[in-house]
Amino acid sequence: MEFELVIEQMRRVDAVRGDAGADAGSIEVGLRASSELRAWLAAADAAMIERLRPQVSFPERTIAECTRTSLGEALKATERAATLAALPEFAAALSAATITAAHVDAITNTAKAIEGPARNELIERVRSLVAVAAAATVRQFRNRLDLERRAVERDDGTSRLERQQRAVSHRSWTDAEGMYCYAGRLDPLTGVAFDARVQAQIEALFAQQTPATCPTDPVLKQRHLAALAVVALVTGQGRTARSGRPDHVVVVDASQSDGAGGPAVDWGIPVEVPLRVLAHLMGSDQVDVNTVVVRNGVVLHAPGALDLGRTTRLANRAQRRALNALYATCSIPGCEVHYRHTKLHHVHEWEHGGRTALANLLPVCPHHHAMLHRERWQLVLGPNRELTITMPDGAVLSTGPPSRKAAA
């Protein structure tokens, strides 16, 4: 952006912020202006950091001290600056506020996953994607970058899986409040098994009653319970009501083509692996494998009972599995919370005679589940699971049939 436009956007943000009676339209304008300012500032930071790097021996420390952030945040800013230095087209786009810093970070993270000549080839491919980034959300752009990465790697999935397995790591530290913190990175196959055990532990420990320490905020509640479940597993104090084995849903989408005359198949594993690895995984007794056939938002086939009527309020595993074949995330438009962290909501509410049936269940994240009940959103689910949401103020949100690929 030209400097005069930067000043104009700052005035616009300040005017909206100071107007206690600003309507929704004015606030939206202010938020867009604020987003453009953040992009311009991120570009300015990157330019300054690139000039700083050759002048100091530990630029991350200098950045952290100047910006009063952590070394981790400073390292992220340094990596972003290096990416923009290699891709001046994106530096110009960020300065013009047609993309965001998160778009640039997506490039950085994708490039870090590969090494050698393949990384250079990826950068050359990305160079022509400025217009794609400008027209896409960050998630959509990450998906495009993933396609470019696959094209560069040109392997059968083994090498990527092996790289991910070598990158498995764990670290721990104590924060300023004296809290013990830990973070880990797992390859997708190990991660799926780990998550299944944690979710099984949450069900076994807290299905009937949550601990007194549990926060009331729905998102914080899930994080709290997950942490307690991990501790129970590690210390040997846990108990499971079921095996906790990974439950892989293989989705056959009859409305999509695999390019070879057959339906598209999603193996339910978040990594491309060769068929021999899939065969070993799914032929073992370590996983539960279930096939669900869908077409245009409708489940054509799924194992288990999908209509429990009024016999129970709680959905069963078969219903969760079938909905997982349709949804990758929370069903509320724009929400990116992963399906495994959602609750199944009765569209026609249970208290008013609603059935625990697949046609009456919708996956929503804890945050939106609370809003549905608190704000009394009105939901209508169409025959192909087209969703219409009417807000208390009359505003309407709508989506077409769900798609796991579109949401992933």
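The figures follow:
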{"read-out": "Extension gain, Cys181 back to Thr108 (0.36 nm per residue minus Cα-Cα distance, nm)", "value": "23.7 nm"}
{"read-out": "Packing-based order for 381-394, 312-325, using average beta carbon neighbours within 10 Å, highest first", "value": "312-325, 381-394"}
{"read-out": "Calculated Kirkwood radius over Cα pairs in Å (choose from (i) 22.7; (ii) 24.5; (iii) 22.1), label", "value": "(ii)"}
{"read-out": "Extension gain (nm, one decimal) between Val29 and Ser169, 0.36 nm per residue minus Cα-Cα", "value": "46.1 nm"}
{"read-out": "Segment Ser128-Phe58, length gained on full extension (0.36 nm per residue, minus Cα span)", "value": "21.9 nm"}
{"read-out": "Those trypsin sites (Lys or Arg not before Pro) in the stretch 129-215 that DSSP places in a loop and that have at most 10 other beta carbons within 10 Å", "value": "Arg154"}
{"read-out": "Other-chain or far-sequence residues with amide H under 5 Å of Gly382's (modelled H)", "value": "Leu387, Thr388"}
{"read-out": "Inter-site label distance for Val289 and Val231 at 7 Å from Cα along Cβ, in nm", "value": "3.8 nm"}
{"read-out": "The chain: DSSP helices with Cα axial extent of at least 30 Å and average Kyte-Doolittle hydropathy no lower than -1.0", "value": "24-52"}
{"read-out": "Long-range HN-HN contacts of Thr329 with modeled amide H, under 5 Å", "value": "Tyr339"}
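Bear in mind that the values in this text are calculations on the coordinates, not laboratory data. Worth saying up front: this structure is predicted, and the values here are computed from it rather than measured. FYI the Cβ positions are ideal-geometry reconstructions off the backbone, even for glycines, and counts take in every protein chain you see.
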